[in-house]
Amino acid sequence: MAKPIIEITNLNKTYTTANGPYTALKDVSLTIDEGSIFGIIGLSGAGKSTLVRCLNGLESTTGGQLTVLGKNVPDLKPTELRELRKSIGMVFQQYNLMPSRTVENNVALPLRKSNLNREQKKARVTELLQLVGLESQAKKYPSQLSGGQQQRVAIARALANHPQILLLDEATSALDPDTTKTILELVERLNRQLHLTIIVVTHQMDVVKQICTDVAVIDKGTIVEQGDAFAVFSDPKADLTRRFVSNSTGLSRIYELIAKRSPILKTAAGERLIHMQYVDKTVSEGLVSIISTKFDLTVNILFASLDIVDGYPLGSIVAKYKGSDEQIDQALEFLKGKGIRTTLIEPGDVAAAESDADETTDVRAAAANHTAHEKEDAR
Ligand code: ADP
């Protein structure tokens, strides 16, 4: 049974500014379970940092409840808050390492006030550097390391006091895709090996896709969607989530084709353009060939992609179906029973995108427009 480690109920945060009050968080409610990798995703200015700063008491709240590790954060005295912060390691985009200290001395910094003696501290630093694969770099200075290595030092430092929660605030945003991947692999390993709860604050859906078990989407201080990462990817509900998902899955390609008025999307009489998605956490048999045979249809695959979300495959296929209305309807019903979500792309959607494309070449705008027209469970 999942056990909550953070519970946020109707949290509000209003800043007092020279121009009057500014509400950065509005009625935020979230439950983060122990051992999860929880993504908080939103555009710049959405309120992510404010939320994270409220979690460890760096920012006061102006309403609602916030319980971290069983403690009601707004009620904590300064000494109690300092104690709580030891249980929450933090890693930032800019690494925040001390340039004048060696790698080992950077990692040792949080141990200054611990009860460990000199030898024990040394042993702990070695253990931490081994954990992040940097034992051979102990005597180097941050400037002698790559960005990915510096971020590993920051992670080792954040883990020094055995925190139960690790908070990554845009921790991979300054890294190239390959380095991002290796850092995320490390984070995943730490989650398993140390049974750490990890909160990943990001504006990159690819990060969520790679490691998060759960995700919350924040927009203008409000949570617009949250749930199991796979469920959110396979069936995004909020417009913003749909935009994030289509930009991070192969799906955006089909919207590009629509925006570019691609002739391959044109349908003739008796043809329907169908988007199929595997929404179960299992990939089914060769369903396209099964429905072709079983319902005597021609199924012409125009586009297919496979994403891996939280370790599970999420497939997307756009195909032109040719057959009688009855046959196509039966095939769609059959697919539904197999856990495949089907969505009809109406010819009108292509036409609508065509006229939009005259006014804008912004693929995202076309995608958002298209998504708004999508019809669930095509029939
Ligand atoms: P994000 O991390 O998602 O980029 P932030 O939490 O930093 O968003 O900011 C959310 C909103 O709150 C922004 O409009 C920002 O300008 C505002 N904000 C953040 N910190 C303060 C502050 N100390 N005083 C006033 N407004 C703030």
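The values are calculated or read from the model by the stated rules, or taken from the named source; none is laboratory data. On a predicted model such as this, the values are computed, not experimentally measured, just so you know. Here the Cβ positions follow ideal geometry from the backbone for every residue, glycine too, while neighbour counts run over all protein chains shown. Ligands, DNA and RNA are excluded from the accessible area calculation, which covers all protein heavy atoms including side chains. Shrake-Rupley method; radii C 1.70, N 1.55, O 1.52, S 1.80 Å.
Results, tabulated for the structure shown:
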quantity: Protection-proxy order for peptides 337-345, 36-44, each taking the mean of Cβ atoms within 10 Å per residue, highest first; calculated: 36-44, 337-345
quantity: Principal axis dimensions, region 173-256 - Cα atoms, whole angstrom, descending; calculated: 38, 27, 22
quantity: Ellipticity estimate at 222 nm from DSSP helix runs (n ≥ 4, -39,500 (n - 2.57)) divided over the chain, nearest 500; calculated: -11500 deg cm²/dmol
quantity: Accessible-area composition of the chain, carbon plus sulfur, in percent [1.4 Å probe]; calculated: 49 percent
quantity: Distance between region 25-41 and region 88-142 - C-alpha centres, whole angstrom; calculated: 29 Å
quantity: Degrees, to the nearest 10: 363-373 long Cα axis against longest axis of the chain; calculated: 60 degrees
quantity: Approximate spin-label separation Gln130-Phe303, in nm, with each point projected 7 Å along Cα-to-Cβ; calculated: 5.0 nm
quantity: Residues of the chain: accessible area per residue with a 1.4 Å probe, Å²; calculated: 48 Å²
quantity: R0 of 45 Å, Cβ-Cβ distance Asn115-Ser146: FRET efficiency to nearest 0.05; calculated: 0.85
quantity: Acute angle (nearest 10 degrees) that the helix 147-158 long axis makes with the longest principal axis of the chain, alpha-carbon atoms; calculated: 60 degrees
quantity: Shape box of region 1-116 [Cα atoms, principal axes, largest first, Å]; calculated: 43, 43, 29
quantity: Anisotropy class of region 50-185 from Cα gyration tensor, a/c 1.5 cut; calculated: oblate
quantity: Beta bridges per DSSP with both ends in the chain, % antiparallel, nearest 5; calculated: 70 percent
quantity: Inter-centroid distance (Cα atoms) of region 161-229 relative to region 316-331, Å; calculated: 39 Å
quantity: Burial order of peptide ranges 76-82, 23-29 (average beta-carbon count within 10 Å, highest first); calculated: 23-29, 76-82
quantity: In degrees, nearest ten, helix 325-337 long axis to first principal axis of the chain (Cα); calculated: 20 degrees
quantity: Rh by Kirkwood over Cα pairs, then Stokes-Einstein D for the chain at 1.002 mPa s and 20 °C, µm²/s; calculated: 92 µm²/s
quantity: Of all DSSP beta bridges in region 11-169, antiparallel share, percent nearest 5; calculated: 65 percent
quantity: Whole-Hz couplings from phi, Karplus 6.51/-1.76/1.60, listed for region 131-143; x for Gly and Pro; calculated: 4, 9, x, 10, 4, 7, 9, 3, 8, 7, 9, x, 5
